[in-house]
1. Okay, helix-only estimate at 222 nm for the chain: each DSSP H run of n ≥ 4 adds -39500 (n - 2.57), divide by all residues, round to 500 deg cm²/dmol; what do you get?
2. What percent of all Cα-Cα pairs in the chain falls in each 10 Å bin, counting up from 0?
3. Which residue fluctuates most in the GNM of the chain (Cα springs below 10 Å): Ser257, Ser139, Ser190?
4. Give me the 1.4 Å probe accessible area per residue for the chain, excluding ligands and nucleic acids, in Å².
5. Can you work out the base-10 log of I(q)/I(0) for the range 270-357 at q = 0.13, 0.14, 0.24 1/Å, using the Debye formula on its C-alpha atoms alone?
6. Heavy-atom accessible area of Met274 with all protein chains present, probe 1.4 Å, nearest 10 Å²?
7. Count the net charge of all other residues whose Cβ sits under 15 Å from the Cβ of Ala355, scoring Lys and Arg as +1 and Asp and Glu as -1.
8. Express the carbon and sulfur contribution to the solvent-accessible surface of the range 322-427 as a percent, rounded to the nearest whole number, probe 1.4 angstrom.
Amino acid sequence: MSDKVVLSYDGKELELPVSTGSMDEKSIDISKLRGATGLITMDPGYKNTGSCESKITFLDGEEGKLLYRGYPIEQIADKSNFEEVMYLLLKGELPTQTELEGFVADIRKNTEVAEELVQMLNAFPEGSHPMGIISALTSALSAFNPEKVNVATEEEMYDAAVTLLGQFPVIAAWSQRKIKGLPLVKSDSSLSYVENFYQMLFNDGSEGYKADPVIVDAFDKLLILHADHEQNCSASTVRLVGSSHAGIFASIAAGISALWGPLHGGANQAVLEMLEAIQNDGGDVAKFIAKAKDKEDPFRLMGFGHRVYKNFDPRARIIKVAADNVLTTLGINDPILDIAKGLEQACLEDDYFKARKLYPNVDFYSGIIYKALEIPTEMFTVMFAVGRLPGWIAQWMEMRQTNQPIGRPRQLYTGAATRDYVEMSAR
Ligand code: CMC
């Protein structure tokens with residue numbers, strides 16, 4: 001196969017080199033295009049545009065395949081745990097026992113949150129969405145850790161990363177305590193990352209409080225499945241903001257805001273609200289499918305479709321089984337799960353969804369588990385953020401380590417051509 005593309009324009013020919021990735025994906029290098037031809041490329045939504053080379057996560061949307069640092073998500077979800085996955089994403093290799101213990105200890109050193117940050121949390125009005133709270137407080141970490149903002153060396157970046165990994169679950173858990181009007185629960189360094197996060201969410205202060213291991217396991221799996229997904233909207237935001245050397249806290253705060261939207265991570269909240277709407281409407285999935293297909297209606301079936309997956313999202317397959325297990329183990333019979341399964345089946349058999357290769361995505365079943373675990377609906381996307389944090393950090397680190405240039409797209413200007421200023425009296 002050829003290793004170049006030849007572009008012919010205005011009577012001239014330009015050779016554009018083709019690169020091949022480690023999973024045999026191809027890309028055309030257009031970095032010399034504008035200099036040689038004056039042309040730019042146009043690709044709104046970046047549907048065909050690669051923004052970087054990356055060694056972190058591979059996904060094949062046609063095959064429904066997802067790898068973290070080369071390891072299939074199915075194996076990782078089955079055999080690993082979230083602490084190990086965080087290490088893998090950041091460092092590139094699975095840790096030895098000693099390496100993992102050192103990493104976890106470094107995170108634990110950073111779980112003390114500044115008192116002023118608690119005051120900021122308390123200043124948010126009732127009804128604040130927790131995604132807004134965690135984005136603001138993550139950005140505020142720049143003020144409390146000024147020496148960890150302009151980082152350049154490996155050690156400095158690692159230090160900033162473990163600071164954020166330590167502080168973030170506390171902020172995330174406390175945003176829920178705040179919206180529920182409950183007292184804040186301190187981090188407990190004798191617990192695993194996930195169990196500690198869970199107890200900060202739910203510890204009711206009762207003597208000998210202990211989280212149910214079944215629930216902690218389910219949480220762990222959900223966080224693993226959300227941990228990275230290559231150059232999605234929030235990861236690209238983290239890289240773009242970070243490319244100006246704005247610092248880790250500001251970059252991740254921007255990623256959190258990107259995740260919040262219902263077309264991205266906010267879909268998990270939107271899915272549950274949609275399933276409840278179907279239930280309240282009498283459970284007629286066909287009516288909602290018809291609405292989703294109607295081009296005059298802005299309604300979309302939340303939890304369906306994906307920019308890259310044109311096949312089953314492998315995370316959705318795992319989460320569907322996990323949802324079944326969690327509900328069975330906890331003895332919960334939630335009719336919402338039946339509605340979700342009915343909706344999925346009907347869509348998979350529907351020509352509109354078949355023709356467009358629209359399958360359930362990661363957000364379709366995750367909300368059902370969160371609901372079973374008594375997570376408030378508005379906290380669902382926060383759960384996604386806690387899971388995605390190591391992925392964002394890994395993307396941010398790689399971007400800095402590889403000296404990615406500042407992100408700055410071009411545009412095709414279609415506004416007014418040059419014209420003379422018109423005095424107010426003459427308008
Ligand atoms: N319901 C109905 N029609 C849909 C849906 C949907 N959920 N998703 C895509 N389509 C249609 C769309 O109308 C278009 O039809 P046509 O070709 O007739 O114009 C076609 O499918 C292609 O869609 P697109 O909007 O060009 O695809 P995209 O890659 O720009 O958007 C998406 C991807 C995820 C934003 C979109 O599928 C969507 O809005 N899904 C619902 C929201 C959702 O579940 N988001 C979570 C994504 S996965 C996790 C994450 O990123 O956080």
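1. Numbers: 18 runs with 220 residues, N = 427.
Result for the chain, helices only: -16000 deg cm²/dmol.
2. Per 10 Å bin, starting at zero, the Cα-Cα P(r) for the chain comes out as 4, 19, 29, 25, 15, 6, 2, 0, 0 percent.
3. Ser190
4. On the way: 21660 Å² over 427 residues.
It amounts to 51 Å² per residue over the chain.
5. -0.46, -0.53, -1.40
6. Around 10 Å² of this residue is reachable by solvent.
7. On the way: positive: Lys293, Lys295, Lys310, Lys354, Arg356, Lys357; negative: Glu349, Asp350, Asp351.
With Lys, Arg at +1 and Asp, Glu at -1, the neighbours total +3.
8. Details: 2680 of 5480 Å².
Within the range 322-427, the accessible surface is 49 percent carbon and sulfur.
The values are calculated or read from the model by the stated rules, or taken from the named source; none is laboratory data. Bear in mind that the values here come from a model prediction, so they are computed numbers and not experimental data. Note: ideal-geometry Cβ built from the backbone for every residue, glycine included; neighbour counts use all protein chains shown. Calculation scope for accessible area: heavy atoms of the full protein, side chains included, ligands and nucleic acids excluded. Shrake-Rupley method; radii C 1.70, N 1.55, O 1.52, S 1.80 Å.
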